[in-house]
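**Q** The structure under discussion is supplied below as structure tokens; questions concerning it will follow.
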Protein chains: 2
Amino acid sequence: MYERIKANLNRHIKLDDEEFDVFRKKLVAETYKKDSHLIQSGQICKYTYFVHSGLLRLYDINEKGLEKNTLFAVEEWWVSDLYSFHSQKPGNYFLQALDDTEVLQLSKHAMENLLLEIPKLERFFRILHINAFIAQQERVMHMISKTAEERYRDFIRKYPDAELRIPQKQIASYLGITPEFLSRMKAGFKHGA
Amino acid sequence: MYERIKANLNRHIKLDDEEFDVFRKKLVAETYKKDSHLIQSGQICKYTYFVHSGLLRLYDINEKGLEKNTLFAVEEWWVSDLYSFHSQKPGNYFLQALDDTEVLQLSKHAMENLLLEIPKLERFFRILHINAFIAQQERVMHMISKTAEERYRDFIRKYPDAELRIPQKQIASYLGITPEFLSRMKAGFKHGA
DNA sequence: GGGAAAAATTGATGTAGATTAAGCGTGCAC
DNA sequence: GTGCACGCTTAATCTACATCAATTTTTCCC
């Protein structure tokens, strides 16, 4: 159960066995059923989640009342409503399981203690958030510069298995287009392009 | 000269005088003339910049050959090509002065040493990048959910003085629309809306 | 395994914003 | 001061994508 998160930490820092043990003891393993919610908009986000297996989506409901996905989290992703988690104020996002999903969750309180006990974790999360920022920045640039079709091709190139696991309407919402238009595009470029 | 960056650090951490002195000694003050470049696409980004005064834009050139702004940096902003700076591989962004601009720059090497000498800085940059991520994430959601006019209104509400200092075409590029359409919108909602 | 509900597809029409092109104002180099 | 490049505006046309509505396919539940 803990090998995956250990490998994840090892991408950026080295913890000895004792340190990892301190870390592991703060984690709570939890399983969420398909369609259940881990985070609700309007509430204070208590946890940061590491996805051990399964599939989550992070979304908000916009002014027109439509659900818009901002992130899919698969195995070995960290996910949370960072604004709410970090500030401990009510957030705007929902986090929902698209499949039965096993997570390791870390409470705000546990996280703060960990950062003091194992300062190397400051480095780990710093690098994690740098990479998250870079990915979002690139996504903004794609929204500005590319057509929906180019963004869809990028998406399936970057997450090849996502096409299989994630419903079309969820992908459309992530890309910022309607399900109808996504369907049309897929039909289109079998013969075309 | 150093009061502004000291205040900036103090937003998230407390450094004593000795620590701040270590930090300050690594900074290099530099002035860039209007229109000059601090970072060039294709090159390895050597520095992270703290804007002491002036105005910078971070942009790339897309596949169609058009310049697209991803960020404006005014007083008290940190800016860099984070991918290139962090990985020390060639980057995709240009950083250009839109006005004569004074920066404090920190080399990759100096930054790494600082993070070892003053571990509290790991925390500082972690929080800085969390906030940067949250802002980018919000921008993605706005691109997905809002019309160009709504995004323009948000922009001038968030950066009230930007409208005065930043040329329209640069704002249009940041919003992901053409200068022509921005001009039309401005004319439009003087009488309308 | 049959039936309801949700997801995906298909078609007709509507619209936000792009593109192209022309004219206008303004800052700045000589 | 004058010329000229460049940014801003206005107008006509075009297109990527949305909206609305109907049909088919898939999923899931007792």
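**Q** So for A:TYR83, B:TYR159, fewest C-beta neighbours within 10 Å to most, what's the order?
**A** Lowest count first: B:TYR159, A:TYR83.
**Q** When B:HIS86, B:HIS109 are ordered from fewest to most other Cβ atoms inside 10 Å of their Cβ, what list results?
**A** Numbers: B:HIS86 19, B:HIS109 10.
By the 10 Å Cβ count, ascending, the order reads B:HIS109, B:HIS86.
**Q** Now, a different point. Out of B:PRO179, B:LEU115, B:ASN69, whose Cα points farthest toward the positive end of the dipole of chain B (charges: +1 Lys, Arg; -1 Asp, Glu; placed on Cβ)?
**A** B:PRO179
**Q** Simple spin-label model, 7 Å along Cα-to-Cβ: A:THR31 to B:SER87 in nm?
**A** Placing both labels 7 Å along Cα→Cβ, they lie 3.8 nm apart.
**Q** Can you pull the mean other chain C-beta count within 10 Å for peptide B:60-70? Write down the numbers at each step before the final one.
**A** Working: counts 5, 1, 5, 3, 2, 0, 2, 0, 4, 2, 5.
Mean partner-chain Cβ count within 10 Å for B:60-70: 3.
**Q** Taking a cut-off of 21 Å between Cα atoms, list the lysines near A:LYS6, but don't count ones fewer than 8 places away on the same chain.
**A** Cα-Cα hits under 21 Å: A:LYS14, A:LYS25, A:LYS26, A:LYS108, A:LYS120.
**Q** Here's a follow-up. Quick one: give the max-minus-min coordinate of the C-alpha atoms of the protein assembly as shown along each principal axis, largest first, in Å.
**A** Ordered largest first, the protein assembly as shown gives principal extents of 58, 57, 39 Å.
**Q** Residues of B:139-150, mean number of Cβ from any other protein chain within 10 Å of their own Cβ, rounded to a whole number?
**A** Numbers: counts 5, 11, 9, 3, 6, 12, 8, 3, 0, 0, 0, 1.
Mean shielding count: 5.
**Q** Ignoring the sites themselves, what is the longest stretch of chain A with no trypsin sites (Lys or Arg not before Pro) in a DSSP loop and at most 10 other beta-carbon atoms within 10 Å? Could the numbers behind the result be given before it?
**A** Working: sites that count: A:LYS14, A:LYS33, A:LYS64.
Free of exposed loop sites, the longest segment is A:65-193.
**Q** Under the Karplus relation 6.51 cos²θ - 1.76 cosθ + 1.60, θ = phi - 60°, what is the ordered set of whole-Hz ³J(HN,Hα) values for segment A:52-68, x standing for Gly and Pro?
**A** 8, 7, x, 7, 10, 10, 10, 8, 10, 10, 7, 4, 8, x, 9, 7, 10
**Q** Can you list the residues, at least 5 places off or on another chain, whose amide H is less than 5 Å from the amide H of B:LEU38, using H built in the peptide plane?
**A** It is B:LEU95, B:GLN96, B:ALA97, by chain and number.
**Q** Hey, what did segment A:103-193 get for relative contact order, percent, Cα under 8 Å, at least 6 apart? Each step should come with its number before you reach the end.
**A** Details: 21 pairs, mean separation 13.2, N = 91.
Contact order relative to length: 14 percent.
**Q** Could you run the Karplus curve 6.51 cos²θ - 1.76 cosθ + 1.60 with θ = phi - 60° over segment A:19-34 and give me ³J(HN,Hα) per residue in whole Hz, x for Gly and Pro?
**A** Using θ = phi - 60°, the values come out as 4, 4, 5, 4, 4, 4, 5, 7, 7, 10, 7, 8, 10, 10, 6, 3 Hz.
**Q** Across 10 Å bins from the origin, how do the percents of Cα pairs in segment B:90-172 run, short distances first?
**A** Binned Cα distances yield the sequence 13, 29, 36, 19, 3.
**Q** Taking the Cα centre of the protein assembly as shown as the origin, how large is its charge dipole in debye, to the nearest 20, when only Lys and Arg (+1) and Asp and Glu (-1) carry charge on their Cβ atoms?
**A** On the way: 58 positive and 54 negative charges, 205 e Å.
That gives the protein assembly as shown a dipole magnitude of about 980 debye.
**Q** Remind me, relative contact order of segment A:3-118 in percent, using alpha carbon pairs under 8 angstrom and six or more residues apart?
**A** Values: 228 pairs, mean separation 42.7, N = 116.
About 37 percent, as a whole number.
**Q** Hey, which aspartates and glutamates would be in cross-link range of B:LYS169, C-alpha to C-alpha under 14 Å, not counting anything within fewer than 8 residues on its own chain?
**A** Of all the aspartates and glutamates, those that pass the test against B:LYS169 - Cα under 14 Å, at least 8 places apart if same chain - are B:GLU67, B:GLU180.
**Q** Could you state the principal axis extents of the C-alpha atoms in segment B:3-119, from the largest down, to the nearest angstrom?
**A** Extents along the principal axes: 50, 28, 22 Å.
**Q** OK, next. Sort B:SER183, A:SER80 so the one with the fewest other Cβ atoms within 10 Å of its own Cβ comes first.
**A** On the way: B:SER183 13, A:SER80 25.
Result, fewest neighbours first: B:SER183, A:SER80.
**Q** Using helices alone, I'd like the mean residue ellipticity at 222 nm for the protein assembly as shown: each DSSP H run of four-plus residues gives -39500 (n - 2.57), total over residue count, nearest 500.
**A** Numbers: 18 runs with 192 residues, N = 386.
Calculated from helices alone, the mean residue ellipticity at 222 nm is -15000 deg cm²/dmol.
**Q** Using alpha carbons only, how many angstrom separate the centre of segment A:35-95 from the centre of segment B:133-193?
**A** Here the two parts' Cα centres lie 27 Å apart.
**Q** Can I ask one more? Across peptide B:119-125, what mean number of C-beta atoms from other chains lies inside 10 Å of a residue's C-beta? Before the final figure, lay out the partial values.
**A** Values: counts 4, 2, 2, 10, 7, 2, 6.
Average neighbour count from other chains, rounded to a whole number: 5.
**Q** Would you mind checking the tilt of helix B:120-145 against the longest principal axis of the Cα atoms of chain B, expressed as 0 to 90 degrees and rounded to 10?
**A** Orientation of helix B:120-145: about 10 degrees from the principal axis.
Taken together, the values in this text are just the output of simple stated rules run on the coordinates, not laboratory data. What you see is a predicted model; the values in this text were computed from it and never measured. Note: ideal-geometry Cβ built from the backbone for every residue, glycine included; neighbour counts use all protein chains shown.
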